[in-house]
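J.: Quick one: this structure, given as structure tokens, is what I'll be asking you about.
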Amino acid sequence: MGQVAQLVQGVLRRNRRSIAKAITVIENNEPEAPKIVAQLFQKTGKAHVIGITGPTGSGKSTLIEKLIRELRKSGKTVGVIAVDPTSPFTGGAFLGDRVRMQEHSTDEGVFIRSMANRNATGGLSRATKDVIRILDASGKDVIIVETVGAGQSEVEIVKVSNTVIVVLAPGLGDDIQAIKAGIMEIGDIFVVNKADRQNANKTWSEVQAMLEMNTEEKSWKPSVLKTKALTGEGIAELLARIEEHREYLKKGAFEVHRKGEAETELVEAIKQKIVESIIADLRHTGEWEKLKQKILTKEADPYSVADEVLKKLVHG
Amino acid sequence: MTAERKIRVLIAKPGLDSHDRGAKIVARALRDAGMEIIYTGLRQTPEQIVETALQEDVNVIGLSILSGAHKVLFPKIMELIKEKGMDDVLVFAGGIIPQEDIRDLKRIGIKEVFGPGTPTGTLVEFVQENAKR
């Protein structure tokens with residue numbers, strides 16, 4: 001059996017080493033990566049993917065630890081992908097999210113993988129979507145994806161999750177922050193964590209007010225919950241709300257979501273393939289260097305050069 | 001499409017140490033050398049450490065211990081590593097480990113033991129030279 005077939009079989013048999021190795025192949029963008037995705041693709045789509053985002057230090061990892069605990073009590077298997085930032089200066093990364101989740105590290109029903117974002121923007125790594133697929137194909141009922149500590153515009157999580165939870169903590173900003181665009185627009189559920197802290201009620205009501213200002217008619221109304229992740233308070237309510245959202249998705253929104261997702265992914269995949277093949281071609285013929293030279297010598301600007309390339313492609 | 005490989009290192013704290021300053025310094029040095037560091041946090045069992053290394057598919061495990069329990073915990077960890085077929089993972093150790101114990105630790109498969117005062121550059125070089133990618 002070849003390496004790909006072996007990994008694919010291993011993932012389907014829920015072999016933890018195979019799952020880990022398959023993820024590495026995907027993450028490193030090895031030549032085998034697309035083959036693994038292709039062979040597992042039909043086995044995906046069963047897991048409920050929960051995205052967890054929010055500012056650094058708001059308690060995302062601790063909250064996830066408590067969610068795993070509750071999900072395991074109800075017999076569900078859980079996959080976790082925790083993304084932390086790569087240094088743009090050295091390429092290194094310190095992945096510390098799982099420190100809070102180590103209690104579950106030896107539980108056979110839980111698989112936790114830390115990923116560096118490898119300088120991708122948007123709060124996730126390039127490979128996150130495909131790593132979700134690996135965990136999905138390995139039979140996990142729920143997959144939790146934790147973004148890097150997100151400020152305002154890290155909204156990639158929407159594209160990979162069924163339910164997005166935005167975790168906030170008191171004292172990080174006033175109602176002006178709450179009205180800004182970005183992550184405050186993407187939550188299906190909002191959580192004000194560290195609810196025992198001063199100003200927790202103020203933060204809660206600011207988010208609530210922000211949601212009430214929504215003019216767009218949506219069938220799902222996001223709500224704001226209060227939790228104390230450290231002690232587990234509010235976790236049961238959060239899980240109940242997640243379940244409500246899942247039920248809501250099943251009634252039709254899920255299909256709409258999947259269609260949108262399929263379209264985005266197809267566009268991305270086509271773009272990537274076409275761009276790669278055009279550039280490879282240009283490099284092969286030596287044209288690439290000449291085109292670059294045109295820009296360097298200011299003979300032409302990049303857009304004009306791109307137009308030129310396109311014209312040649314269309315007219316042969 | 002180009003492959004992008006990184007050295008992934010698990011920095012682990014077996015046993016009942018009460019602080020992890022050394023482990024964090026090592027983690028920081030390796031991070032600054034461009035590696036991806038996964039940290040377990042304090043008070044880990046051998047089972048937790050090896051299972052974490054497996055899930056994270058690391059190339060390297062760095063064990064940091066101050067309590068003196070290395071003679072009990074390290075053999076257990078090495079045993080589990082073999083049991084799970086992770087023989088290609090490079091294992092090194094650091095912390096408070098008496099000179100006379102080092103030979104035994106190397107015999108069970110720990111490639112190197114670094115004591116207090118080791119320059120971080122030495123560590124980085126060691127990992128870069130010995131990690132299997």
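The values are calculated or read from the model by the stated rules, or taken from the named source; none is laboratory data. Computed from a prediction, not measured in an experiment: that's the story for all the values here. Virtual Cβ from ideal backbone geometry, glycine too; neighbours counted across all protein chains shown. For the accessible areas, the whole protein counts, side chains as well, though only heavy atoms, and no ligand, DNA or RNA atoms are used. Shrake-Rupley method; radii C 1.70, N 1.55, O 1.52, S 1.80 Å.
J.: Report the number of Lys pairs in chain B whose alpha-carbons are under 15 Å apart, with separation of 8 or more residues or on distinct chains.
T.: 10
J.: Further question: Taking the Cβ of residue A:314 as the centre, find all other residues whose Cβ is under 13 Å away and add up their charges (Lys, Arg: +1; Asp, Glu: -1). Don't jump to the answer; show the numbers that get you there.
T.: Working: positive: A:311, A:312; negative: A:307, A:308.
Result for the local shell: 0.
J.: Something else: Past 19 Å, Cα to Cα, is the threshold; run A:76/A:129; A:226/A:250; A:221/A:251 against it and keep the listed order.
T.: A:76/A:129; A:226/A:250
J.: Normalise the Cα radius of gyration of chain B by 2.2 N^0.38 Å (N = residues in it) and let me know the number. Walk me through the intermediate numbers first.
T.: On the way: Rg = 13.7 Å, N = 133, 2.2 N^0.38 = 14.1 Å.
Against the empirical 2.2 N^0.38 Å value, I get 0.97 for chain B.
J.: What's the Kirkwood radius of the range B:7-49 in Å, using all Cα pairs?
T.: The Cα-based Kirkwood calculation yields 10.7 Å.
J.: Follow-up question, since we're still on this one. How far is the Cα center of the range B:50-91 from the Cα center of the range A:263-280, in Å?
T.: For the range B:50-91 versus the range A:263-280, the Cα centre distance is 42 Å.
J.: Percentage of Cα-Cα pair distances in chain A greater than 25 Å, rounded to whole percent?
T.: Counting every Cα pair in chain A, those more than 25 Å apart make up 56 percent.
J.: Over the Cα atoms of the range A:1-43, compute the convex hull volume and normalise it per residue, giving Å³. Kindly include the intermediate steps, with their values, before the conclusion.
T.: Numbers: hull volume 2.6 nm³, N = 43.
Each residue corresponds to 60 Å³ of Cα convex hull volume.
J.: Another one. Using the Cα atoms of the range A:82-180, I'd like the radius of gyration and the largest Cα-Cα distance, Dmax, both in angstrom.
T.: 14.8, 45
J.: I'm a student and want to see the number: the projected area of the Cα convex hull of the range A:1-120, averaged over all directions, in nm².
T.: For the range A:1-120, the mean projected area of the Cα convex hull comes to 8.6 nm².
J.: Taking beta carbons within 10 Å but only from partner chains, what does the mean come to for residues A:23-31?
T.: 4
J.: Using the per-residue mean of other Cβ atoms lying within 10 Å as a proxy for protection, in what order, highest first, do the peptides B:96-107, A:128-139, A:199-210 fall?
T.: The densest-packed peptide leads the list: A:128-139, A:199-210, B:96-107.
J.: While we're looking at this one, here's another question. How large is the direction-averaged shadow of the alpha-carbon convex hull of the range A:267-315, in nm²?
T.: 3.7
J.: While we're on this one: If the viscosity is 0.692 mPa s and the temperature 37 °C, what Stokes-Einstein diffusion coefficient in µm²/s follows for the range A:136-284 when Rh is the Kirkwood radius over Cα pairs?
T.: 186
J.: Quantify, in whole percent, the carbon and sulfur part of the accessible surface of the protein assembly as shown (1.4 Å probe; protein heavy atoms only).
T.: Answer for the protein assembly as shown is 53 percent, counting heavy atoms of protein chains only.
J.: Helix-derived [θ] at 222 nm for chain B: sum -39500 (n - 2.57) over DSSP H runs of at least 4, divide by residue count, nearest 500? Could the numbers behind the result be given before it?
T.: Numbers: 5 runs with 57 residues, N = 133.
Rounded to the nearest 500, it is -13000 deg cm²/dmol.
J.: Now for a different question. Over all distinct Cα pairs, what is the inverse of the mean 1/r for the range B:45-96, reported as the Kirkwood hydrodynamic radius in Å?
T.: 11.1
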